[in-house]
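Data first, discussion second: the structure below is written as structure tokens.
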Amino acid sequence: MEGRAPNENLAERFHAAPDQFRQDFREVDLPRVITQIQHFKAAVDFVKNLKADAEQPVSR
């Protein structure tokens, strides 16, 4: 996941060239990051459950 390019007007505050500032800094959408982490955790839990189910003996 990649953030949005920052506002180039802020480059001057950080004493950086606008092009370099754009490459080095990104604006991060924290709610989107949290959502992506939650999706990742859900996928990991799903895989763990699949693995646990596969390891249990099949009763016939």
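None of the figures in this text is laboratory data; all of them are computed from the coordinates on show. Note that the structure is a prediction, hence the values are computed from the model and not measured. Note: ideal-geometry Cβ built from the backbone for every residue, glycine included; neighbour counts use all protein chains shown.
Tabulated data
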read-out: Helix 30-55 vs. the chain, principal-axis angle (Cα, 0 to 90°, nearest 10); value: 20
read-out: Convex hull (Cα only) mean projected area of the chain, reported in nm² to one decimal; value: 5.8
read-out: In nm, spacing of pseudo-spin labels at GLN56 and PHE25 (7 Å Cα→C-beta vector); value: 5.3
read-out: Whole-number percent relative contact order across the chain, with pairs defined as alpha carbons under 8 Å at least 6 apart; value: 29
read-out: Selection of chymotrypsin sites (Phe, Trp or Tyr not before Pro), the chain, meeting DSSP coil and at most 13 other Cβ within 10 Å; value: PHE14
read-out: Nitroxide proxy distance, nm - points 7 Å out along Cα→Cβ at ALA42 and ALA16; value: 3.4
